[in-house]
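K.L.:
Okay, handing you the structure first.
The values are calculated or read from the model by the stated rules, or taken from the named source; none is laboratory data. Predicted, not measured: the structure shown is a model, and the values here were computed from it. Note: ideal-geometry Cβ built from the backbone for every residue, glycine included; neighbour counts use all protein chains shown.
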Amino acid sequence: MKRLVYLDYNATSPIRSAVIDTMTAVMQSVGNPSSVHAAGRGARAKVEEARAQVAALVNARPRDVVFTSGGTEASNTVIRGVGAASILVSAIEHDCVFAAAKESGLPTYVIPTSDQGVVDMEALRGLLEKAEKPALVSVMLANNEIGAIQDVAAIVALAKEFGARVFTDAVQAAGKIPLDFKALGVDYLSLSAHKLGGPQGVGAIVLGPTAPLKSLIPGGGQELSRRSGTENVAGIAGFGTAAMEAMVGLGDMDRIRALRDKLESEVRATANDAIVVGSGADRLANTSCLIMPGVKGETQVMHFDLNGICVSSGSACSSGKVKVSHVLTAMGFAPELAECSIRVSLGYRTTEEDVDAFVAAWKSIYTRTRAR
Ligand code: PLP
């Protein structure tokens, strides 16, 4: 059987073996963290250990970490639970942010970005001036499709002038760049375990000590009444281990960047009409968004798949849906070009052979379509 070349880490990353060990051990023990007996206390200890580990990943206080079922729930809880009068979202946010803003029924303003996917600060100032107060500003720390990293600390400084609170979706940034909740100065930050080598279906909100948050899911009052429902103990414990491993994994980012840069330079050397999206901005080291003009992203994904290579087109969560990337159109790409993009995302298990296999497949589809 052909070896699978997995280059879709921004969609989900392989579970680290230490995470599997942690989760297996936890699943072999019984206990509801809310039970007062020994079994319950054992489960509680695992949840609290993981809370401290996740807090360490982002330099926050453990008690300010609220576990959720993932990044989508985290975004929905924050956007709908802050008590804002209006919402300002960057044009390149993940769909879960747009959907939550729509669901909130609040006036929503879209902050434009530059052609490199960087939030336009002057436009943000203008929107803050006119938006109903208090506003909530939602700008992701790193984008899932192109990897653009925003200057969130500067956004916070501007938002504070208008008494606005700031939420940053750090789902893609975590484990790829160092994170410091306190230095960023945001009120809310979201995380998702499966983007950093943990299990799917677990995430967290990190919030400032005075930041309000209405629970999206009322019930038994778990998570200090900020998110009800019996905690996913094994998943949360796995998230804790993944957070620790991801911190160590930051040391591997230079290697990953070198592989990503090699991939991009070989693609550019093959085709001078190929576009590396957003390469002029500060970007995640593992992410590459490539446009092959004239060849639809879906077609490319299928071609790579036939060659045993996993990449995605558009945003990961919408693979399977045929829709032009709102991120690329927000950056000013015409739909005809935007629909010809794919996202390649590398990670801790990516090797040079994986990159070589990708480049060979990219060249073959390019040459074949250009020969027609
Ligand atoms: N935010 C970003 C930037 C993402 O890339 C994703 C997933 O692709 C999410 C949020 C949603 O996270 P989850 O899959 O944990 O619901």
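K.L.:
Could you check the stretch 159-181 and list, in sequence order, the residues that are at positive phi and buried (at least 17 other Cβ atoms within 10 Å of the Cβ)?
P.N.:
Passing the criteria: only GLY175.
K.L.:
Would you confirm whether or not the stretch 212-233 contains a residue that is surrounded by 18 or more Cβ atoms within 10 Å (Cβ to Cβ), away from the ligand (no atom under 13 Å from the Cβ), hydrophobic (A, V, I, L, M, F, W, C) and closer than 28 Å to VAL156 by Cα?
P.N.:
yes
K.L.:
Moving on to the next point. Restricting to the stretch 148-174, name every residue that is among the hydrophobic types (A, V, I, L, M, F, W, C), within 12 Å of the ligand (Cβ to nearest atom) and not in a strand (DSSP E or B).
P.N.:
Hits for the stretch 148-174 are ALA170, VAL171, ALA173.
K.L.:
Considering (1) within 22 Å of the chain's Cα centre (by Cα); (2) of a type outside the set (Lys, Arg); (3) within 15 Å of the ligand (Cβ to nearest atom), say which one THR241 fails and leave the rest.
P.N.:
Going through (1) within 22 Å of the chain's Cα centre (by Cα); (2) of a type outside the set (Lys, Arg); (3) within 15 Å of the ligand (Cβ to nearest atom) one by one, THR241 breaks only (3).
K.L.:
Scan the stretch 309-324 and tell me whether some residue there is more than 19 Å from the chain's Cα centre (by Cα), closer than 18 Å to TYR6 by Cα and either of a type in the set (S, T, N, Q) or at pLDDT 95 or above (or both).
P.N.:
Yes, some residue in the stretch 309-324 is more than 19 Å from the chain's Cα centre (by Cα), closer than 18 Å to TYR6 by Cα and either of a type in the set (S, T, N, Q) or at pLDDT 95 or above (or both).
K.L.:
Based on this model, can you work out whether VAL54 counts as assigned by TED's automatic domain parsing to the domain that holds PHE167, closer than 18 Å to LEU136 by Cα and within 16 Å of the chain's Cα centre (by Cα)?
P.N.:
no
K.L.:
Condition check: outside any loop (DSSP other than H, G, I, E, B), farther than 22 Å from ALA174 by Cα and without any contact (Cβ under 8 Å) to a residue 60 or more places away in the chain. Does GLU266 satisfy that?
P.N.:
no
K.L.:
Tell me, please, whether a residue that is within 15 Å of the ligand (Cβ to nearest atom) and more than 30 Å from SER34 (Cβ to Cβ) can be found in the stretch 287-309.
P.N.:
Yes - at least one qualifying residue is present in the stretch 287-309.
K.L.:
Hey, any hits in the stretch 77-87 for a residue that's surrounded by 16 or more Cβ atoms within 10 Å (Cβ to Cβ) and either of a type in the set (D, E, K, R) or on the phi > 0 side of the Ramachandran plot (or both)?
P.N.:
Scanning the stretch 77-87, I find at least one residue that is surrounded by 16 or more Cβ atoms within 10 Å (Cβ to Cβ) and either of a type in the set (D, E, K, R) or on the phi > 0 side of the Ramachandran plot (or both), so the answer is yes.
K.L.:
Spot the failing condition for VAL137; the list is (1) part of a strand (DSSP E or B); (2) within 13 Å of the ligand (Cβ to nearest atom), and only one is missed.
P.N.:
Of (1) part of a strand (DSSP E or B); (2) within 13 Å of the ligand (Cβ to nearest atom), only one is false for VAL137: (2).
K.L.:
Name the one entry in VAL19, VAL110, VAL26 that is within 16 Å of the ligand (Cβ to nearest atom) and either in contact with an Asp or Glu (Cβ under 6 Å, 6 or more places away or on another chain) or outside any loop (DSSP other than H, G, I, E, B) (or both).
P.N.:
Selected residue: VAL19, the only one of VAL19, VAL110, VAL26 that is within 16 Å of the ligand (Cβ to nearest atom) and either in contact with an Asp or Glu (Cβ under 6 Å, 6 or more places away or on another chain) or outside any loop (DSSP other than H, G, I, E, B) (or both).
K.L.:
Does any residue in the stretch 277-304 that is under 17 Å from MET331 (Cα atoms) come within less than 6 Å, Cβ to Cβ, of a residue that is among the charged types (D, E, K, R) and part of a strand (DSSP E or B) six or more places away or on a different chain, and which pairs are these?
P.N.:
Close Cβ pairs satisfying both conditions: CYS289/ARG343.
K.L.:
Out of the residues in the stretch 55-74 that are in a helix (DSSP H, G or I), within 12 Å of LEU207 (Cα to Cα) and in contact (Cβ under 8 Å) with a residue 40 or more places away in the chain, which is nearest to the ligand (Cβ to nearest atom)?
P.N.:
Among them, the one singled out is ALA74.
K.L.:
Also: Can you work out which of the residues in the stretch 189-210 that are in contact with a helix residue (DSSP H, G or I) (Cβ under 9 Å, 6 or more places away or on another chain) and away from the ligand (no atom under 13 Å from the Cβ) is farthest from VAL156 (Cα to Cα)?
P.N.:
It comes out as GLY197.
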